[in-house]
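Working notes, structure below.
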Amino acid sequence: QDSDIEAVPDQDSAMSFERKRGIFSEPDIAAKRLCTANPEYRNAFILFDRDGSGNIDICELNNAVLAVKQSVESGTAHHAHFTQPFHTKTLLWLAARFAADTYGTIGFPEFAEMMQYLERLKDIFSQIDTDRTGDLSVAELSRALNLSGFNVTGFPGGGDALSMAVAEKIGRAYDEDHNGVLTFDEFVQLRLEWDCYLNAWASHVPTGMNNIHPQQLLTVLDAVKRSLEPVGGWAMHPTMSGLQGFDPCTCLNSLFYSSMFKCQRPFMLRTAELLIAKFGAGNAAINFEQFCMMMEFLKEQKSKFMAADIDRSGNVDMNELATAFAASGLPLPMHSLLEVARRYDQDGSG
């Protein structure tokens, strides 16, 4: 079954001309144009537009995508119709992707494109899930990434220990229930976020180039933050409060978007240089695979920063820094904290 996922013939050349392959593929342009003419989508929209407004809100969207989710899970070895809706974080990502400019409601054109996207992801998920468990194991994710041209380690097939470790780290970032596998729900989150990385890279890295230097990295990082801004906007919209258990802080804790802090500042060039030194395997530039691993690292650091930034100012003051070091088991005297702060406070803001 997984042979249906389009494998790339040559790693270096493939990643230079087209990245949206395999698990990252999307419906073709012609299919996208015809999605609003699909009578099944129209009937589904009418069904879930219970108030007849011509739009569906986030709660009605919840019911619509649940139908898609059940169609995936009912075809697996579980043989069960799950009644639980998508995770609120998944709904947030879907709304931000397909209704970025209409905070609060989703019209039929956006709904139709969303349904088509989910149908495509359903097909991909079914192809990757070779053991028909209804979940993606680390081995299945690793092989699918490899067949899609994503290969950090350089080993073919994705079955070596290092490739498996990379896949495990990627999967863990989206494993909401911490059970060691990815459900369809969690796979959708992975795709939606990595689509933003793919688009930011494709928009700012010239065709044929597969490596970027520090200044280019700053440009791509800024593009990522702009592309993820709708996620932050939707999370703060009043309609999201209609979703039971939704917590915007939890959903946005590790996410990079433009308005994530009260004080908005771009990364410094020195930061980009250090990131490339960490992920570039000794080179002065990083490729797309290394960039994606770097983004997972940055998400982890953003979560740690948010935990330290107790007053949510977007800055960590001396008291917050002292608390963070103490919580990490490394309590430092004030003179040592001041020395650390002076070393890294390059703009002298305190």
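The values are calculated or read from the model by the stated rules, or taken from the named source; none is laboratory data. What you are looking at is a predicted structure, and each value in this text was computed from that prediction instead of being measured. Heads up, the Cβs are rebuilt from the backbone with ideal geometry, glycines too, and the neighbour counts pull from every protein chain shown. When the accessible area is computed, the model is the full protein with side chains, heavy atoms only, and any ligands, DNA or RNA have been set aside. Shrake-Rupley method; radii C 1.70, N 1.55, O 1.52, S 1.80 Å.
Out of every Cα-Cα pair in segment 296-350, what percent are more than 15 Å apart? Working shown, then result.
Working: 752 of 1485 pairs.
Summing the P(r) tail past 15 Å for segment 296-350 gives 51 percent.
Counting only alpha carbon atoms, the long axis of helix 39-48 and the longest principal axis of the chain meet at about 70°.
For a distance above 28 Å, tell me the whole-number percent of Cα pairs in segment 214-350 that qualify. Mind dumping the intermediate values first?
Values: 2522 of 9316 pairs.
Percentage above 28 Å: 27.
Dimensions of the chain from C-alpha coordinates, computed as largest minus smallest value along each principal axis and given longest first, are 68, 49, 37 Å. For segment 199-331, the relative contact order comes to 26 percent (Cα pairs under 8 Å, sequence separation of at least 6).
Relative to the longest principal axis of the Cα atoms of the chain, the long axis of helix 184-204 makes an angle of roughly 60 degrees. Modelled spin labels at ASN43 and ALA277, positioned 7 Å past Cα toward Cβ, are 6.2 nm from each other. Highest mobility in the GNM of the chain, judged by mean-square fluctuation with C-alpha springs under 10 Å and restricted to PHE261, PHE187, PHE291, is found for PHE261.
Atom-type composition of the exposed protein surface of the chain places 55 percent of the accessible area on carbon and sulfur (1.4 angstrom probe).
Using 0.36 nm per residue of separation minus the Cα-Cα distance, give me the extension gain between ASP177 and ASP347 in nm, one decimal. Display every interim value, and only then the final one.
Working: separation 170, 0.36 × 170 = 61.20 nm, distance 4.03 nm.
Gain on stretching ASP177 to ASP347: 57.2 nm.
The calculated P(r) of segment 251-322, using every Cα pair and 10 Å bins from 0, goes 18, 44, 30, 8 in percent.
Using the Cβ-Cβ distance between LYS169 and ASP28 with R0 set to 30 Å, the FRET efficiency works out to roughly 0.40. Sorted into 5 angstrom bins from 0, the C-alpha pair distances of segment 280-325 split as 5, 21, 19, 14, 11, 11, 14, 4 percent.
With all distinct Cα pairs included, what does the Kirkwood hydrodynamic radius of segment 86-238 come out to in Å, to one decimal, could you say?
Values: mean 1/r = 0.0590 Å⁻¹.
By the Kirkwood definition, the hydrodynamic radius is 17.0 Å.
With all protein chains kept in place, the per residue accessible area of the chain amounts to 48 square angstrom at a probe of 1.4 angstrom. Farthest toward the positive end of the dipole of the chain, out of GLY149, PRO238, THR90, is the Cα of PRO238, where the dipole comes from beta carbon charges about the Cα centre. In this simple spin-label model, placing a label point 7 Å from the Cα along the Cα-to-Cβ direction at both SER241 and ASP160 gives a separation of 5.3 nm.
Between the helical axis of 161-174 and the longest alpha-carbon principal axis of the chain there is an angle of about 80 degrees.
Taking label positions 7 Å along the Cα-Cβ direction at both ASP222 and SER259, the computed distance is 2.0 nm, reported to one decimal. Taking 4 °C and 1.567 mPa s as conditions, segment 193-237 diffuses translationally at an estimated 115 µm²/s according to Stokes-Einstein applied to its Kirkwood radius (Cα pairs).
Listed by chain and number, the lysines whose C-alpha is less than 20 Å from the C-alpha of LYS32, apart from same-chain residues fewer than 8 away, are LYS20, LYS122. Only the Cβ atoms of Lys and Arg (+1) and of Asp and Glu (-1) were treated as charged; on that basis the dipole of the chain about its Cα centre amounts to roughly 700 debye.
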